[in-house]
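Below: the structure, in structure tokens.
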Amino acid sequence: MDLREWLETDGLGGYASGTVSGVRTRRYHALLLSATTPPTGRYALVNGADVSVATAAGTFALSTQRYAPDVTHPDGWTRVVGFERAPWPTWRYRLEDGTEVVHELLMPRGSPVVALAWRLAEPLHEARLVVRPFLSGRDAHATHHENGALRFDAEVSGDRVGWRTYEGVPGVVARTNGVYRPEPLWYRGFQYDEERARGLDFLEDLAAPGTFEFDLGRGDAVLLLGMAGAEAERALAGATAESAYDRLRTLERERRAGFRTPLERAADPYLVRRGEGLSIVAGYPWFSDWGRDTFIALRGVCLATGRLAEARRILLAWAGLVSEGMLPNYFPEGGQAPEYNSVDASLWFVVAVHELKATLRRRRARLPAAESAALDGAVQAILEGYSRGTRFGIRADGDGLLAAGEPGVQLTWMDARVDGREVTPRIGKPVEVQALWINALRIGGPAWAALHDRARASFRARFPCEARGFLYDVVDVGHRPGAVDASLRPNQVLAVGGLPFPVLDPADPEDAEWARCVVDAVERALWTPLGLRTLAPREPGYAPRYEGGVARRDGAYHQGTVWPWLAGPFVDAWVRVRGGSDAAKAEAQVRFVAPLLRHLEEAGLGHVSEIADAEPPHTPRGAPFQAWSVGELLRLLDVTLSPATTTTVRARRS
């Protein structure tokens with residue numbers, strides 16, 4: 001049974017997702033999961049469907065469900081003989097009598113709609129298709145259970161059918177060329193194996209209000225499903241359901257044909273609307289947009305793909321959110337105030353602004369004066385806020401380095417907590433935060449030159465750990481002068497690669513030896529085919545697997561678990577310490593990038609996973625579709641590994 005996952009998105013935070021076999025293994029797998037306040041406020045509206053085809057030879061299932069306890073039924077997965085993910089998910093089923101049915105599923109960008117179609121591969125006099133949708137209307141992160149409040153009744157008008165399962169929950173509108181027949185039923189005990197493995201609620205009941213019936217012998221079956229509202233109505237407009245489907249299909253085919261590579265196409269789902277602007281969803285199926293993830297991912301998702309207009313919109317939208325030198329790291333799903341709880345998100349923003357401007361210069365273009373001023377103003381506000389001191393003990397210390405942190409708060413990207421305890425507190429002066437800070441000071445211009453020089457000199461003097469041959473992960477641990485954390489972690493590679501200005505510059509004779517030591521130590525102990533471990537295997541607290549319940553998984557999140565996004569700064573550093581030659585780039589392509597490219601076919605199809613186990617076989621874990629994982633791979637291919645004679649920035653049709 002093929003449990004690899006596919007993804008379609010609507011550009012609003014909503015999506016459709018499932019497995020190649022059709023079995024829903026997550027509570028997040030759904031045909032229509034829509035965002036009410038893009039990209040958050042997400043509801044699972046149509047969770048799935050039972051589908052069957054009847055011919056003269058009998059009735060055959062095309063769908064498969066998992067029910068408790070460990071029952072797989074019906075057997076539609078056994079009839080899947082082909083699957084293509086591009087330009088959208090397409091299945092080919094072969095029935096026992098030789099009949100073949102082709103099923104397509106696509107989401108048009110900008111509308112909370114999913115379009116479904118079935119057709120016979122070869123003409124047949126009689127073939128009856130029955131589709132029974134499963135509805136809930138629940139929060140995307142919850143599960144649904146049988147109750148007396150759900151409403152099964154439908155509003156039927158011509159080729160339209162509408163349901164509203166609960167008051168205060170978005171309704172569902174369907175448009176079809178089939179016949180709707182009410183048949184209200186509860187389907188009980190759906191079992192989600194991935195949720196069970198993650199120690200979460202894994203059982204669900206869903207409402208089946210009726211069936212759609214089609215005669216495939218007379219033509220294609222079309223079923224369009226949308227979250228009720230004006231945006232869906234615009235997408236569903238047309239003289240017939242078939243004409244509406246044909247229009248959406250044509251528009252999406254043309255839009256998707258504009259992507260040069262499958263990986264570039266994979267970047268597209270992460271770009272989402274936020275208010276009147278744009279943002280980047282950190283990952284699917286459960287993440288919203290996070291500040292840190294947005295600015296790291298933007299360099300690949302937007303800049304490496306030539307989507308410079310989108311990059312401008314994203315950065316300008318975030319520029320207006322600076323508060324006391326900090327940018328939000330998280331927008332809660334419920335629409336509450338954003339959370340300012342990251343030391344590095346603001347610094348990544350500064351780097352992203354710099355790289356956008358550098359990309360424009362290479363194209364002999366520039367930002368409009370007003371936009372440039374807005375971004376520069378945000379950069380200066382961040383540096384001023386950090387230099388004088390802001391929330392959570394973030395401040396420039398006397399040595400020029402950036403101190404940060406207080407008990408009870410996780411400010412770096414290693415932010416897991418278990419039972420109210422920080423797994424990797426990193427209070428003090430974390431190594432990658434200093435690399436970002438020193439880069440930001442240099443980007444900030446002449447006014448920050450003296451502080452930049454002092455911070456860089458302090459870094460060179462204080463971070464090399466002579467006894468172990470690599471950099472300390474944190475100095476002045478707990479704000480105690482001289483206290484150090486010598487754990488072997490990947491954060492140190494950002495001092496050499498992944499940022500515009502290496503703090504340990506391999507081209508500088510004073511830095512070259514230590515830069516090489518850093519890269520060699522990280523490669524020996526931390527590199528895996530899917531990226532870098534977050535802790536070396538011989539270090540105390542090392543976790544070889546990311547599995548079990550929430551507490552166990554969170555305890556392993558940054559204690560060995562592999563993160564593919566770290567391949568970006570690592571490979572960049574590896575190439576830099578070898579002089580940036582084309583030979584080094586070619587070797588890096590084979591040794592480090594090729595395994596990541598193979599991974600595109602292993603979990604979230606066409607995408608790169610959030611994390612993986614630290615030990616072989618390095619099973620992919622976490623979110624199967626992760627923005628900064630895809631973004632850093634794109635950046636590597638477009639910038640770090642491009643031959644020196646190649647122009648790496650290409651225009652793309654907006």
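The values are calculated or read from the model by the stated rules, or taken from the named source; none is laboratory data. Note that the structure is a prediction, hence the values are computed from the model and not measured. Glycine gets a Cβ as well: all are built from the backbone with ideal geometry, and neighbour counts include every protein chain shown. All accessible areas refer to the heavy atoms of the entire protein, side chains included, with ligands and DNA or RNA removed. Shrake-Rupley method; radii C 1.70, N 1.55, O 1.52, S 1.80 Å.
Does Val493 count as in contact with a strand residue (DSSP E or B) (Cβ under 8 Å, 6 or more places away or on another chain) and more than 17 Å from Thr619 (Cβ to Cβ)?
yes
For Leu488, all conditions in the list (1) open to solvent by less than 40 Å² (accessible area, probe 1.4 Å); (2) touching an Asp or Glu at 6+ places or on another chain (Cβ under 9 Å); (3) in a helix (DSSP H, G or I); (4) among the aliphatic types (A, V, I, L, M) hold save one; what is the number of the exception?
Going through the list (1) open to solvent by less than 40 Å² (accessible area, probe 1.4 Å); (2) touching an Asp or Glu at 6+ places or on another chain (Cβ under 9 Å); (3) in a helix (DSSP H, G or I); (4) among the aliphatic types (A, V, I, L, M), Leu488 breaks only (3).
Is it true that some residue in segment 327-340 is surrounded by 22 or more Cβ atoms within 10 Å (Cβ to Cβ), among the polar types (S, T, N, Q) and either farther than 19 Å from Pro108 by Cα or in contact (Cβ under 8 Å) with a residue 12 or more places away in the chain (or both)?
For segment 327-340, residues surrounded by 22 or more Cβ atoms within 10 Å (Cβ to Cβ), among the polar types (S, T, N, Q) and either farther than 19 Å from Pro108 by Cα or in contact (Cβ under 8 Å) with a residue 12 or more places away in the chain (or both): present.
Can you give me the ranges of the strands (runs of 3 or more DSSP E) entirely in segment 96-188 with at least 2 residues that are of a type in the set (A, V, I, L, M) and within 35 Å of the chain's Cα centre (by Cα)?
100-106, 113-120, 128-139, 172-176
Do you know which residues across segment 42-61 are in contact with a Lys or Arg (Cβ under 8 Å, 6 or more places away or on another chain), under 18 Å from Thr19 (Cα atoms) and open to solvent by less than 10 Å² (accessible area, probe 1.4 Å)?
Residues satisfying the conditions are Ala44, Asn47, Gly48.
Yes/no per residue for (1) at negative phi; (2) of a type in the set (Gly, Ala, Ser); (3) buried (at least 24 other Cβ atoms within 10 Å of the Cβ):
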| residue | (1), (2), (3) |
| --- | --- |
| Gly389 | no, yes, no |
| Gly405 | no, yes, yes |
| Val409 | yes, no, no |
| Ala416 | yes, yes, no |
| Arg421 | yes, no, no |
| Gly428 | no, yes, yes |
| Val431 | yes, no, yes |
| Ile438 | yes, no, yes |
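Quick one: would you say Leu200 is open to solvent by less than 70 Å² (accessible area, probe 1.4 Å), in contact with a helix residue (DSSP H, G or I) (Cβ under 8 Å, 6 or more places away or on another chain), at pLDDT 95 or above and not in a strand (DSSP E or B)?
Yes, satisfied.
Out of all the residues in segment 125-147, which are in contact with a strand residue (DSSP E or B) (Cβ under 7 Å, 6 or more places away or on another chain) and among the hydrophobic types (A, V, I, L, M, F, W, C)?
Hits for segment 125-147 are Ala127, Leu129, Val130, Val131, Phe134, Leu135, Ala140.
Tell me, which residue of segment 280-293 that is in contact (Cβ under 8 Å) with a residue 60 or more places away in the chain and part of a helix (DSSP H, G or I) is surrounded by the most Cβ atoms within 10 Å (Cβ to Cβ)?
Asp293
Filter segment 74-89 for residues that are open to solvent by 30 Å² or more (accessible area, probe 1.4 Å) and either more than 17 Å from Asp50 (Cα to Cα) or in contact with a strand residue (DSSP E or B) (Cβ under 8 Å, 6 or more places away or on another chain) (or both) and give the result.
Hits for segment 74-89 are Asp75, Val80, Val81, Phe83, Glu84, Arg85, Ala86, Pro87.
Could you tell me whether Leu95 is farther than 28 Å from Pro39 by Cβ and surrounded by 14 or more Cβ atoms within 10 Å (Cβ to Cβ)?
Taking the combined requirement at face value, the residue satisfies it.
Could you list, in sequence order, all residues of segment 356-386 that are crowded, with 19+ Cβ neighbours inside 10 Å and not in a loop (DSSP other than H, G, I, E, B)?
Listed by number, the residues that qualify are Leu356, Thr359, Leu375, Ala378, Val379, Ile382, Leu383, Gly385, Tyr386.
Would you please name the residue that is nearest to Phe212 (Cα to Cα), looking only at residues in segment 98-136 that are open to solvent by 50 Å² or more (accessible area, probe 1.4 Å) and modelled with pLDDT of 95 or more? Full working, then the answer.
Let us first name the residues in segment 98-136 that are open to solvent by 50 Å² or more (accessible area, probe 1.4 Å), namely 109, 119, 122-126, 128.
Narrowing further to those that are modelled with pLDDT of 95 or more: 109, 119, 128.
Numbers: Arg109: 25, Arg119: 15, Arg128: 10 Å.
Once the filter is applied, the top-ranked residue is Arg128.
What are the residues in segment 1-10 that are open to solvent by 10 Å² or more (accessible area, probe 1.4 Å), assigned to a loop (DSSP other than H, G, I, E, B) and in contact (Cβ under 8 Å) with a residue 40 or more places away in the chain, if any?
Met1, Asp2, Arg4
When you scan segment 451-481, how many residues do you find that are surrounded by 17 or more Cβ atoms within 10 Å (Cβ to Cβ) and either closer than 15 Å to Glu513 by Cα or not charged (D, E, K, R) (or both)?
14
Restricting to segment 28-41, give me the number of residues that are open to solvent by 10 Å² or more (accessible area, probe 1.4 Å), more than 16 Å from Arg132 (Cα to Cα) and part of a strand (DSSP E or B).
Of the residues in that region, 3 qualify.
Taking Ala309, is it modelled with pLDDT under 95, part of a helix (DSSP H, G or I) and surrounded by fewer than 20 Cβ atoms within 10 Å (Cβ to Cβ)?
Numbers: modelled with pLDDT under 95: no; part of a helix (DSSP H, G or I): yes; surrounded by fewer than 20 Cβ atoms within 10 Å (Cβ to Cβ): yes.
Answer is no for this residue.
Here are Thr99, Thr90, Thr64: which of them is farther than 25 Å from Arg249 by Cα and among the polar types (S, T, N, Q)?
On the way: Thr99 fails: farther than 25 Å from Arg249 by Cα; Thr90 fails: farther than 25 Å from Arg249 by Cα.
Residue meeting the stated conditions: Thr64.
For every residue, the table says whether it meets (1) surrounded by 14 or more Cβ atoms within 10 Å (Cβ to Cβ); (2) in contact with a His (Cβ under 8 Å, 6 or more places away or on another chain); (3) more than 28 Å from Leu637 (Cβ to Cβ).
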{"position": "Arg218", "(1), (2), (3)": "no, no, yes"}
{"position": "Met227", "(1), (2), (3)": "yes, no, yes"}
{"position": "Arg234", "(1), (2), (3)": "no, no, yes"}
{"position": "Ala244", "(1), (2), (3)": "yes, no, yes"}
{"position": "Arg247", "(1), (2), (3)": "yes, no, yes"}
{"position": "Thr250", "(1), (2), (3)": "no, no, yes"}
{"position": "Glu254", "(1), (2), (3)": "no, no, no"}
{"position": "Phe259", "(1), (2), (3)": "yes, no, no"}
{"position": "Leu263", "(1), (2), (3)": "yes, no, no"}
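Does Tyr542 count as surrounded by fewer than 24 Cβ atoms within 10 Å (Cβ to Cβ), closer than 26 Å to Tyr472 by Cβ and of a type in the set (Ser, Thr, Tyr)?
It is true that Tyr542 is surrounded by fewer than 24 Cβ atoms within 10 Å (Cβ to Cβ), closer than 26 Å to Tyr472 by Cβ and of a type in the set (Ser, Thr, Tyr).
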